[in-house]
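Q: Pasting a structure here, questions to come.
The values are calculated or read from the model by the stated rules, or taken from the named source; none is laboratory data. Computed from a predicted model, the values in this text were never measured in an experiment. So basically every Cβ, Gly included, is an ideal-geometry build from the backbone, and we count neighbours across all protein chains shown.
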Amino acid sequence: MASTPPHCSITANKRNQNHQKRCRRWTNHNVSLAKPPLPSSPHNAPKPGASTAATTNAQNQPFPSLATLQSQKSQLAADFSGRRRFVSKLHIGRPKSTLSIRHTLVAEEALQHVVLYGKDDQTLENVLLNFESRLCSSDDYTFLLRKLGDRGDSSKAIRCFEFAMRREKRKNEQGKLASAMISTLGRLGKVELAEAVFETALREGYGNTVYTFSALISAYGKSGYWNDAFKVFYSMEAYGLKPNLVSYNAVIDACAIGGVEFKKAVEIFDEMFKNGVQPDLITFNSLLSVCSRGGQWEAARNLFTELINRGIDLDIFTYNTIVDAFCKAGQMDAALEIISEMPGKNVLPNVVTYSTMVRGYGKAGRLDEALNLFNKMKFLGLSLDLISYNTLVSAFAMLGRFEEAWDVCKEMENSGIRKDVATYNALLGGLYEEAMEIFREFEKAGLKADVVLYTALIDTMCKNGLVESAVTLLDEMTKEGIRPNVVTYNSIIDAFGLSAITQHVVDDAGEASEFQVKSSSSSVVQEATESRVTDREDDRIIKIFGKLAAEKASQENNCGRQELLCILGVFQKMRELEIKPNVVTFSSILNACSRCDSFEDASILLEELQLFDNQVYGVAHGLLMGYRENVWVQAQSLFDEVKLMDFSTASAFYNALTDMLWHYGQKRGALLVVLEGKRRQVWENVWSDSCLDLHLMSSGAARAMVHAWLLNIRSIVFDGHKLPKLLSILTGWGKHSKVVGHSALRRAVEALLTSMGAPFQLARCNLGRFISRGSVVAAWLRESGTLKVLVLHDDRTHPENVRVDQVSNLQMLPL
DNA sequence: GTAGGGTTAG
């Protein structure tokens, strides 16, 4: 079932790459759901099922675009209106579940016993044998395994499933059990086991139902494998199955989780109509989630407005999804506005709504507002849960305010909620002084470190120059059976150039492939219950913490030869493990190049990496070598792809690329790239006539931009216009730097301005701001020697660049 | 079969 991914490229989806075994394309296109507005009156809308002509119209468009949604004539638009009553009818004031209870009281009793006494295979079997005669049909067993799944106990759930299957001979009952098992495993993220159950079910002749297929679609979707979800979905027809509402919703939800482009989700949505399946509010919520998770808050807003205009009754899921879309995009005021509208629609904000806002404010650095909201939650009597507490803990920890983070933990525990792996991760994040103690407590609580926790530790170690420890941890997690993901590797790559990293990074990582090899024939039970040997005595992580001091002491000796070319080995290893590099990998590699002083190594590395991805590394290599004319077309299409990514990813890419070019003296190339970034609004509003805002830029990008801006100001002066009274260059306070107060950017800009003799001075009231009077700058720009210091030159020149650079100057001046 | 949290680049 699993597809083999091409080993590619920054175009890989950057989200959910911890589920890297399958290929997913990066498909985060910007879409707009805007105008023209659909008629909001229900009167001129056809009734459901009455839109034959429109349906025909849609059938002629196998890939309906959003234009379909925008067009009044489209089948979607028509049914969108007509569906209104249908949706409303389903959801007005109804609780979510109207299902009758199917299981018996005996099943509930059995659950208690299984939980209490089923400690191992044998005792569990005994409990089930005791209850066997009193448990009725598959419904009781389904209840059991679902409840065990809710408790996160997949291995007990599987035991119950197999116990039931051994006794059930009716195909349809077996099918029900299999669907429940697949869905339970899917919820727990055990997608390979779900797959195994499904395949067995199909082989044994009880899996050919819309329920098992839908369950598998959902299981794939939940783990981010939208590609496989789609395959299963589209294979249904060949099995003679017609997807129902649940199948469609599951596949649309897979789009949301997997980061599939909105257009594709709308396509599925259109297919629903064509096939006579009416969407419900869950369909819309998932569709909204597609926008939200893709970072497309504008598309989300438009869809939301559309639903409101149509008078569809929205529920708390709808509101929370749109609030999250706004929060993710930093649109906090818009989010707040939505929340203020909720009570009027009889939907009250809940703990999820508030947690989302708290996180949004925390991310935006508006901690006071985050705290206010948190306190408001308490005031309103909302019962705070683990996630809402963790959100606040993490907000404090992100700002290095560990004392307060710790206080929130205490408050949480006083209210009877125990810390989980995410809480500890937030606390360990800064690797502050009590890290070892916190880790001991973590283990004492019986929690297991997962890939996120390990990666966080590895990254912190790398950032502190403790690369040896980081590599030991990589080895450690591998031995524990935890598969490193792209984030783990990106952290390691980012450490290259910080200190020497020896070949054993690559060697150690090789062991990671061991646990990846799984026999498809091994039984579900075996796979599920294979417990890792955990030796608490041999506590390697604690030992690593113990090594920290020693390693820190010897760090000075660690600044030796940088082995940039080791990155090739890491890349190879990632390929073997089927971990697709992404745009962050690319940025990390460029950053490593910038830290290295060997032009030769950097160029060899980028040249070799072209074997993995010709476009990305071809452009980087070409620009580094100064072959601008040859690669600029290719560069444009790379920039086009990056443009589709979210703002911070795109700016990180431009920053890394410019930094490397600047570092190796390709200053005109650096200039070209920053101007391209500016043209594409990568750094939002970088400049006006009076102000240059560099706070989102790296030091190389910022310096190239200073040149570009001053040249631009110069052209204003030479055109005979007056400069504004006061000119400012903002470098920020370094809050975007991981190291608080580390104002490398300000220092780099200061040195540049000084070297050029530019008459800017540090503002007294704001240490991140350089200012000058417009008249003074104008006078300086008119001086005969100024142009010479403003125009950038390459340290390495190639004759073929003359033409493209002339073009770039022309492009630059009118900006 | 739908909503919120912890990991890289910023």
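Q: Quick check on my filter: what residues within segment A:600-626 are among the aromatic types (Phe, Trp, Tyr) and at pLDDT 90 or above?
A: Within segment A:600-626, A:TYR617 is the sole residue that qualifies.
Q: OK, next. Output the residues belonging to segment A:154-193 that are out of contact with any Leu (no Cβ under 8 Å at 6 or more places or on another chain), of a type in the set (Ser, Thr, Tyr) and within 16 Å of DNA strand B (Cβ to nearest atom).
A: Within segment A:154-193, A:SER179, A:SER183 meet the criteria.
Q: While we're here: May I ask you to list pairs of residues, at least six apart or on different chains, whose Cβ atoms are under 6 Å apart, with the first in segment A:682-695 being touching a residue at least 60 places away in the same chain (Cβ under 8 Å) and the second being aliphatic (A, V, I, L, M) and part of a strand (DSSP E or B)?
A: Going by the 6 Å Cβ cut-off, the qualifying pairs are A:SER690/A:LEU727; A:HIS695/A:LEU730.
Q: When you check A:LEU638 against the structure, is it more than 27 Å from the chain's Cα centre (by Cα), assigned to a helix (DSSP H, G or I), under 17 Å from A:LEU590 (Cα atoms) and not polar (S, T, N, Q), yes or no?
A: no
Q: Moving on. May I ask you to say which residue of A:LEU447, A:LEU453 is crowded, with 20+ Cβ neighbours inside 10 Å and of a type in the set (A, V, I, L, M, F, W, C)?
A: On inspection, the qualifying residue turns out to be A:LEU453.
Q: Inside segment A:288-378, counting only helices (runs of 4 or more DSSP H) that do not spill past its ends, which hold 1 or more residues that are surrounded by 21 or more Cβ atoms within 10 Å (Cβ to Cβ) and within 11 Å of DNA strand B (Cβ to nearest atom)?
A: Hits in segment A:288-378: A:316-328, A:351-363.
Q: Go through segment A:654-681 and give me each residue that's crowded, with 24+ Cβ neighbours inside 10 Å and outside any helix (DSSP H, G or I).
A: A:TYR664, A:GLN666, listed by residue number.
Q: Then there's this: Can you name the condition, by its number, that A:LYS263 falls short on among (1) closer than 14 Å to A:ALA329 by Cα; (2) more than 15 Å from DNA strand B (Cβ to nearest atom)?
A: (1)
Q: Which of the residues spanning segment A:572-590 are outside any loop (DSSP other than H, G, I, E, B) and over 15 Å from A:SER648 (Cβ atoms)?
A: Result: A:GLN572, A:LYS573, A:MET574, A:ARG575, A:GLU576, A:THR585, A:ILE589, A:LEU590.
Q: Same structure, new question: What's the number of the condition A:MET705 fails, among (1) surrounded by fewer than 24 Cβ atoms within 10 Å (Cβ to Cβ); (2) away from DNA strand B (no atom under 12 Å from the Cβ)?
A: Against the list (1) surrounded by fewer than 24 Cβ atoms within 10 Å (Cβ to Cβ); (2) away from DNA strand B (no atom under 12 Å from the Cβ), A:MET705 comes up short only on (1).
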